[in-house]
Structure formats: structure tokens, C-alpha cells
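Shown next, in C-alpha cells, is the structure this report addresses.
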Amino acid sequence: MTKYVIRGGKPLHGEVEISGAKNAALAIIPAALLVDGVCRIENIPQISDVTMILQILQELGADVRTVNRTTVDIDCRHIQNSQVPQEMARKIRASYYLIGALLGRFGSAEVPPPGGCHLGDRPIDQHIKGFVAMGADVDVSGGFVRAKAKNGRLTGAQVYLDMVSVGATMNIMLAAALADGLTVIENAAKEPHIVDLANFLNSMGADIMGAGTDVIKVRGVQKLTGGTYSIIPDQIEAGTYMAAVAAAGGEVLIKNVIPKHLECITAKLEEMGVEVEEHDDSVRVRRTGRLSRANIKTLPYPGFPTDMQPQITVVLCLAEGTSVVTEGVWDNRYRYVDEIRRMGAHIQVDGKIAVIEGVDKLTGAAVQACDLRAGAAMVIAGLAAQGTTEVDCVHYIERGYEDIVRKLSGIGADIRVVVMPEEKKSVQAG
Ligand code: UD1
């Protein structure tokens, strides 16, 4: 059992380097299943979700070799198996990409329904609708999603998504890359990682146009060949450090980012009185005075990202006046609010709306992360709070943030990892 112990109230200063994008890596690594050759993937973040998806590929029979800390070579040519082990797949949300990738490669897939953070109802009906339109029979029963292309190979089709879904957009792209003919995805999601997946597949020989707009056209090709690709920087990791500086104060240069991807976050922070200076591949964030209130609604890209909602809510807890946050993507993304209240925050939640009365200060407390981004929000609250905060259940945080303790210590945070001995754990559990 590991905790983070944070002595807060210290402004942050210095430089921090952002890692590769989690949600891009989690789609690009399964995409290697479609490639007839070795894929060298660079700028891979060192996080537990990535370790898990690489392990699943290895379990399927892929040859995965570590080149250096952030680069792997993946060779899926000798895989024969399209059945994903239940225990592994259930640990991460992104295991759903294995359905599209295996279906595209073998014309069949058997994958347990995905796990991941509990943010509300997380159906995959739009993914399935796409596969069915492309000629697959899909059955969900007995703890598995079983998909089989009727003619052994998928056929291109027109798919209109009922709602903007990141996962369905990317999964249908994966299934369509080697299908017969043209697939058109309408009402597609436009997140940076969608463009990244398209760029990866195109660099291996795919024919995908329109990624980053709401109509994506995938013309199936006979085969993809190996090559080298570098994953984009993580928009949400960068946004989290920006929010940390906004909450704790100070001045930090956040390096290895694409400022364009951060504009929705930058605009809100500026509205709140935070200074953000954009450079080619970095942003400098400075907060000295008091924060101003703001209203925020989370939306698909280029709207304000739902994966930044808990972190920005903590910043608003310290702003002058009343702010309103509306969650526009998930049904149940305020489970962390009780924990932040224990630190002195004034937040009322009604369904998808949170009303936040700014307070002068938060005070340290023992709190628990209940999911990945909620965990990041607890850390930010701890950095800004007076006194000591202990954040429990940090395995959630480590699913998506590479080396967060080292990176925060590097910009002056007083944060350390405490590993509880086994005996103490059982006493506590009792
Ligand atoms: C991905 C991200 C997650 C992020 C979310 C929205 C990964 C591994 N996770 O999740 O961090 O919060 O995008 O940016 O990349 N929906 C349906 N049916 C479907 C698919 C989605 O009803 O078949 C609904 C969902 O319930 C949700 C909304 O559509 O309300 C958006 O979900 P989606 O964009 O698919 O999120 P994920 O891909 O699961």
C-alpha cells in the first residue's frame, strides 16, 4: 500500500518535462497488431496502463523489445491468437482497442469487456455498431465480446456515431485500416490522439484522411509495413501541471508540449488570472495574485477536456467568488468531491453540475484517490493546502502519470512516497 505525503503551501518553481500521451499510446500500441513488420514506437509514457497493454500483446504472442526508457520495438507478425486473457483486459479501459485491431488483422476477436475508471455508464454500443456496419457479427455474453467478420474480412461502410466517442472513433479506424473498401466515420471525435493514431497508421502505409475533423475516411489497404513513430506529448499531463501551478502559485516552464492542444485549458486559466506564455514546444505558467472565478463546461475536443475537470475544480475551490462546472461527457465524475470537502472546499453537486464557493485556503487531510484524474486533483489540492495531505490509493494516479513524485519534487514540491508495511496494512484493513 503506497501513499503520497505532501506538505503543501509552497509555490512551484522550475521546469518540468511532459511524457508521451497516455491515450494515444493505448491505441497506437494495439495498432501494431495490424502491421506486417516491426514498429518502433518512441515517446512511450512509463505508466502502468501502458505496461499492461504491452503485456497483453506479449501474451498474444507479440515480440516486444525495450530499446530504451521511452522506446519499444513491437513485432506482431507471428501472432496466431485473437483471444485476450480476461484478467488482463479488465484492468484497463483501452483493452477495447484490441477488438478493432484483432478484427482488422484476423477477421475475429474475443476480448473481455474493458475495465478502467468508474466515471458513469461506459457502454461500447457505438464501437459495436461500427463493426456490425462493416460486416461483423458481434455477440456480448459470458464475459466476452466476440466479433467475427462474416466473410473473414471486414468491408468498408458508412458509420454515423450517435454521440462523439473517442473510443468508438479510434476503434473503427483500427478495424477499417485493412478492410475492403472505404469506411466513412461521421460525427467522429477530434481529440489530438485521434490525429496521432491516424498519423501512426498512415506512416505504416494506411490511407486515412480527415482525422481531426468530424468526418474521417479510411480507405482499406492490403497491408501495413513497419516503421518508426513518435507519440505526441500528453495534453492532460501538461494541463495537470498547469493546474498545479495555478493552485499552488509560482512559475513553471512546462516542456515538450504542443501549445495548440492546450489552448482550451490555457484560455480558462487566463480567465482566472493565471499568466500563460506560449513558446514553440513549451508553455510558461505563472500565478502570483488571487484567482478569479470562472464557469467551465467539459466537452469533446476542442472543448474543455473532461479529463481535466477534477483538477480545474480544485483550482476553482481557491478562486474568489462562485464558479459553476458542468460535466458534459460523463454521468458520474464528481465522486472525488467528498474528499476535497474534507480539506475545506465548498462544493455542492447536483447531477452534472458543481457549484463551487471559493475559499481562502484548503487544509491538509488524509484523502483517497477514487480514479486517475481524481487522484491528480487530490495531489493538486495537497500542493496548495496548508499543512500535510496524505493521498491514498495512488495506484490510480500511476496508471496515467509518469514519475509524478519525481517531477513535482523537481519543481519544488514537498511530496514523498510512503510504503506502508504489510502488517500495518492488515491492522488497518481489520
Ligand atoms: C476516452 C478516454 C477517457 C476520456 C474520454 C472522453 C481512453 C482510454 N479514455 O474514454 O479518459 O474521459 O475518452 O474524452 O482514451 N458512449 C456511448 N457509447 C459508446 C461509446 C461512448 O454511449 O459506444 C458515451 C460514453 O458513455 C460517454 C461519451 O460517449 O458519455 C464519451 O465516451 P468516449 O469518448 O467513448 O470515452 P472513452 O473512449 O471510453
Checklist entry - Do we have any residue at all in segment 11-18 that's touching a residue at least 24 places away in the same chain (Cβ under 8 Å) and under 23 Å from E191 (Cα atoms)? => result yes
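Would you list the helices (runs of 4 or more DSSP H) that sit entirely within segment 47-153 and hold 2 or more residues that are within 16 Å of the ligand (Cβ to nearest atom) and modelled with pLDDT of 90 or more?
On the way: elements: 48-60, 86-89, 97-106, 125-133.
Hits in segment 47-153: 48-60, 97-106, 125-133.
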Item to check | Subset of segment 177-211 (residues that are more than 16 Å from the ligand (Cβ to nearest atom), touching a residue at least 40 places away in the same chain (Cβ under 8 Å) and not hydrophobic (A, V, I, L, M, F, W, C)) | outcome: D180, T183
Next on the checklist: If I filter segment 354-372 down to residues being within 16 Å of the ligand (Cβ to nearest atom) and of a type outside the set (D, E, K, R), which single residue comes out as surrounded by the fewest Cβ atoms within 10 Å (Cβ to Cβ)?
Outcome noted: C370
Next on the checklist: Between a residue in segment 159-176 that is near the ligand (Cβ under 10 Å from one of its atoms) and assigned to a loop (DSSP other than H, G, I, E, B) and any residue that is open to solvent by 20 Å² or more (accessible area, probe 1.4 Å) and polar (S, T, N, Q), which pairs come within a Cβ distance under 8 Å, given they are 6 or more apart or on different chains?
Outcome noted: L161/N187; D162/N187; M163/N187; V164/N187
Checklist entry - What is the number of the single condition among (1) under 20 Å from the mean Cα position of the chain (by Cα); (2) surrounded by fewer than 19 Cβ atoms within 10 Å (Cβ to Cβ) that Q386 does not meet? => result (1)
Checklist entry - Which of the following residues is on the phi < 0 side of the Ramachandran plot and either in contact with a strand residue (DSSP E or B) (Cβ under 9 Å, 6 or more places away or on another chain) or surrounded by 15 or more Cβ atoms within 10 Å (Cβ to Cβ) (or both): R342, R406? => result R342
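Within segment 22-46, can you find the residues that are within 14 Å of the ligand (Cβ to nearest atom) and either open to solvent by 10 Å² or more (accessible area, probe 1.4 Å) or not in a loop (DSSP other than H, G, I, E, B) (or both)? Reasoning before the result, please.
Restricting attention to segment 22-46, the residues satisfying the condition of being within 14 Å of the ligand (Cβ to nearest atom) are 22-31, 45.
Within segment 22-46, K22, N23, A24, A25, L26, A27, I28, I29, P30, A31 qualify.
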Checklist entry - If only one of G375, G387, G351 is more than 16 Å from the ligand (Cβ to nearest atom) and small (G, A, S), which one is it? => result G387
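From the list M242, M272, exactly one residue is touching a Lys or Arg at 6+ places or on another chain (Cβ under 9 Å), modelled with pLDDT of 95 or more and more than 15 Å from the ligand (Cβ to nearest atom). Which is it? So that I can check it myself, show each step before the final result.
Values: M242 fails: touching a Lys or Arg at 6+ places or on another chain (Cβ under 9 Å).
The conditions single out M272.
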Checklist entry - Considering R69, R65, which residue is under 17 Å from K407 (Cβ atoms) and free of Cβ contacts under 8 Å to residues at least 24 places away in the same chain? => result R69
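The values are calculated or read from the model by the stated rules, or taken from the named source; none is laboratory data. Just so it is clear, the structure is predicted and the values come from calculations on it, not from any experiment. Glycine gets a Cβ as well: all are built from the backbone with ideal geometry, and neighbour counts include every protein chain shown. These area figures cover heavy atoms from the full protein model, side chains too; ligands, DNA and RNA do not enter into them. Shrake-Rupley method; radii C 1.70, N 1.55, O 1.52, S 1.80 Å.
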